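Report on the following structure.
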Amino acid sequence: MRDEVSIVVPTFREAANVPTLVHRVDAALSRKNIDWELILVDDDSNDGVETIVAEMARHLPVRVETRRGAPRDLSLSVLLGMRLARFDRLVVMDADLSHPPEQIIDLLGDLDVDCDMAVGSRYASGASVDQGWAWHRRLISKIGTGLARPLANCGDPLSGFFATDRRRLPDLAELRPLGYKIALELMVRWRLRVRDVPIRFGDRSRGESKMSWRTHRDFLRHLCRLYAHRIREMVRGPCRDDRAA
Ligand SMILES: Nc1nc2c(ncn2[C@@H]2O[C@H](COP(=O)(O)OP(=O)(O)OP(=O)(O)O)[C@@H](O)[C@H]2O)c(=O)[nH]1
Ligand SMILES: [Mg+2]
């Protein structure tokens, strides 16, 4: 049987990165005889991404779903892409080329080895981080990772690059994630078995970061909810009702 994967990429103002991303995914996966599709879930960037994708879609399995009339939301964008996917095996990654498309194959390889989620990790042995990644970004990432690690059996719980299989996830419509970090939400609330896969993390090549103080504030709120959930679990045992809270 041919391997299959749906790649979900949330985007906001990433039109400049999309052609390179799609061509690198194609080069990496078609060479390995993998059946793939790439779904961009765009938060109404109004940057011409639909036209770029329409042109590419003449030759390649890429499409864009535009979220209109809803507040911008990274996690909900990812969940929407997961629900729209044709295949059960899913990879989620950023559009800015900080996640090397050539390593999708490594994530899929580890997903097949007895785990529910293979996480592209910047902090696993053998991983590397681009020298150009600014010191304050490294520091913020380290602090956030340190705060999240007690919740998850994962070296890089804030990674946005991961592979999973929809058949091992809850009903996605049930989830109401808050904030930026959908992998963390899934691995904590559903106690997923996670494997860390070392990656070569690159710096954003074009376009602007969407990080803001609001992002950090939302992340801290998200963490508080997940800690509260974990404490409730310790007191009452696993509780389904918490999961969508
Ligand atoms: N749909 C959607 N995508 C978003 C939103 N915010 C960010 N993204 C996308 O999510 C991915 C990660 O965002 P980035 O801005 O690269 O965030 P980051 O990687 O933490 O920050 P940098 O290191 O500065 O690049 C990118 O593909 C963004 O385009 C959003 O509100 N909605
Ligand atoms: Mg980025």
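The values are calculated or read from the model by the stated rules, or taken from the named source; none is laboratory data. Quick caveat, the model's predicted, so the values are computed rather than measured. Quick reminder, even Gly has a Cβ in these numbers, built from the backbone with ideal geometry, and neighbours come from all protein chains shown.
Give all pairs with beta carbons closer than 6 Å in which a residue from the stretch 205-226 that is at negative phi and within 14 Å of ligand 1 (Cβ to nearest atom) meets a residue that is among the small types (Gly, Ala, Ser) and modelled with pLDDT of 85 or more; count only pairs at least 6 apart in sequence or on separate chains.
The qualifying pairs are Arg206/Ala16.
Can you find a residue in the stretch 194-213 that is assigned to a helix (DSSP H, G or I) and surrounded by 14 or more Cβ atoms within 10 Å (Cβ to Cβ)?
So in the stretch 194-213, the residues assigned to a helix (DSSP H, G or I) come out as 213.
Then keep just the ones that are surrounded by 14 or more Cβ atoms within 10 Å (Cβ to Cβ); that gives none.
The answer is no; no qualifying residue exists.
Give the residues of the stretch 32-87 that are surrounded by 13 or more Cβ atoms within 10 Å (Cβ to Cβ) and free of Cβ contacts under 8 Å to residues at least 12 places away in the same chain, sorted by residue number.
Of everything in the stretch 32-87, just one residue is surrounded by 13 or more Cβ atoms within 10 Å (Cβ to Cβ) and free of Cβ contacts under 8 Å to residues at least 12 places away in the same chain, namely Ala57.
When the residues of the stretch 224-245 are narrowed to those that are of a type in the set (A, V, I, L, M) and at pLDDT 60 or above, which ends up farthest from the chain's Cα centre (by Cα)? Show your work before the answer.
Step one: list which residues in the stretch 224-245 are of a type in the set (A, V, I, L, M), which gives 226, 228, 231, 234-235, 244-245.
Keeping just the survivors that are at pLDDT 60 or above gives 226, 228, 231, 234-235.
Working: Leu226: 18, Ala228: 23, Ile231: 26, Met234: 28, Val235: 31 Å.
By that ranking, first place goes to Val235.
So, of the residues in the stretch 63-98 that are away from ligand 2 (no atom under 16 Å from the Cβ) and small (Gly, Ala, Ser), which turns out to be nearest to the chain's Cα centre (by Cα)?
Gly81
For the stretch 16-26, which positions are in contact (Cβ under 8 Å) with a residue 60 or more places away in the chain and either under 20 Å from Phe87 (Cβ atoms) or in a loop (DSSP other than H, G, I, E, B) (or both)? Break it down into steps so the answer makes sense when it comes.
Here is the first cut: in the stretch 16-26, the ones in contact (Cβ under 8 Å) with a residue 60 or more places away in the chain are 16-18, 20-21, 24-25.
Leu21, Arg24, Val25, listed by residue number.
From (1) modelled with pLDDT of 95 or more; (2) within 13 Å of ligand 1 (Cβ to nearest atom), pick out the condition that doesn't hold for Ile104.
So Ile104 meets the others, but not (2).
Considering every residue within the stretch 111-130, establish whether at least one is closer than 26 Å to Ser30 by Cβ, more than 16 Å from ligand 2 (Cβ to nearest atom) and free of Cβ contacts under 8 Å to residues at least 40 places away in the same chain.
Scanning the stretch 111-130, I find at least one residue that is closer than 26 Å to Ser30 by Cβ, more than 16 Å from ligand 2 (Cβ to nearest atom) and free of Cβ contacts under 8 Å to residues at least 40 places away in the same chain, so the answer is yes.
For the structure I just gave you, tell me whether Asp114 is in a loop (DSSP other than H, G, I, E, B), of a type in the set (Asp, Glu) and within 14 Å of ligand 1 (Cβ to nearest atom).
Numbers: in a loop (DSSP other than H, G, I, E, B): yes; of a type in the set (Asp, Glu): yes; within 14 Å of ligand 1 (Cβ to nearest atom): no.
Answer is no for this residue.
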